[in-house]
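Nothing in this text is a laboratory measurement; each read-out follows from the coordinates by a stated rule. Quick caveat, the model's predicted, so the values are computed rather than measured. Virtual Cβ from ideal backbone geometry, glycine too; neighbours counted across all protein chains shown.
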Amino acid sequence: MDRVMLKNGKPLPKIGFGTFGSDRYSPDQVAGAVRFALKAGYRMFDCASVYGNEDKIGAVFADAFENGVRREDIFVTSKVWNDAHGEGKPTESLKKSLRDLRLDYIDAYFVHWPFPNYHAPGCDGDSRNPDSVPFSADAYLATWRELEALYDAGLARSLGMSNMTISKLDAVLPHTRIRPALIEMELHPSFQQAELFDFCVDNGIKVIGYCPLGSPNRPERDVAPGDVVDMELPQVLKVSRARNIHPAQVCLMWAVKRGAIPIPFSGSERNIVSNLRCVEEELTDGEMAIISGAERGCRLVKGQVFLWPGAMGWEDLWE
């Protein structure tokens, strides 16, 4: 697997494997997909405690290590969920993830969302928690400082942020002792986030792109009228037809050429293998220019379940 280098010197594969089953796959099914992905050649796995499957994935990792896969060749991430932002909770959360994943350290540990706003797993899009609050830089930094201590202790080899905006990053980055090596954001041809992406690049932060295929199997709560289907966009189809490849491969090749790390999930062995093609071939500059025209500003994961009392709409989360 081809790798890129993080600013802190840690190598990272050019494509990863997501483990969020979109409420459509059981933990055992996700673990089975991870098992096959390991055999297919994936070496980066994007995990999170809230996905509810880290213990099943950990059993797959343990078996892989017993059968010749080296721990140092695997890059595993996990994330602090929103209900674990309080003092001491990020440490408890990471230690549980390490137990579940059967690892001594995590390669990158993320703050999953910049709010302590909790929602129950599998809730519908109209769910709201009355205890939800707007973003607070001070509260976020209190959580981040605990992650820095986990980094100092060697339990997390890199730190990451997720679902951030430029204004939020401007509010917290100057006050971090250990800068994030990674930022995870929604990224696909119809939602290219050029300004935020360039901000990360300019600050030496590597981007992991989730929903790289436009997330056709995302939870129903994240489906809204007017959402774009990336693999049906004319620009994506033009490139896929010219190359005689699946539109999914075009979306992934676009992300890799841009310098992002896409993390597709699939339960299909055929698709798991075919997605790896994105690191075997490169799109041309002309093809990248074609796909730049696919931008629609179509955010799929709107996060409305995290809204606080008095918020006007999901757009408030992304200010």
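I'm trying to understand the selection: among the residues of the stretch 233-273, which are over 19 Å from the mean Cα position of the chain (by Cα) and part of a loop (DSSP other than H, G, I, E, B)?
Selection gives Leu233, Asn244, Ile245, His246, Ser268.
Criterion first (within 19 Å of the chain's Cα centre (by Cα), surrounded by fewer than 21 Cβ atoms within 10 Å (Cβ to Cβ), outside any helix (DSSP H, G or I) and in contact (Cβ under 8 Å) with a residue 12 or more places away in the chain) does Arg218 satisfy it? Spell out the reasoning first.
Details: within 19 Å of the chain's Cα centre (by Cα): yes; surrounded by fewer than 21 Cβ atoms within 10 Å (Cβ to Cβ): yes; outside any helix (DSSP H, G or I): yes; in contact (Cβ under 8 Å) with a residue 12 or more places away in the chain: yes.
Yes, satisfied.
Sort out which residues of the stretch 16-75 are among the acidic types (Asp, Glu) and in contact with a strand residue (DSSP E or B) (Cβ under 8 Å, 6 or more places away or on another chain), and write them in order of number.
Asp46, Glu54
Looking only at the stretch 198-231, which residues are among the aromatic types (Phe, Trp, Tyr) and in contact with a helix residue (DSSP H, G or I) (Cβ under 9 Å, 6 or more places away or on another chain)?
Hit for the stretch 198-231 is Phe199, nothing else.
Listed here are the residues, each with its yes/no results for (1) of a type in the set (A, V, I, L, M); (2) in contact (Cβ under 8 Å) with a residue 40 or more places away in the chain; (3) touching a Pro at 6+ places or on another chain (Cβ under 8 Å).
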residue	(1), (2), (3)
Arg241	no, no, no
Ser274	no, no, no
Glu282	no, no, no
Arg299	no, yes, no
Leu307	yes, yes, no
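Here's a check for you: in the stretch 178-192, which residue that is part of a loop (DSSP other than H, G, I, E, B) and among the hydrophobic types (A, V, I, L, M, F, W, C) is surrounded by the most Cβ atoms within 10 Å (Cβ to Cβ)?
Once the filter is applied, the top-ranked residue is Leu187.
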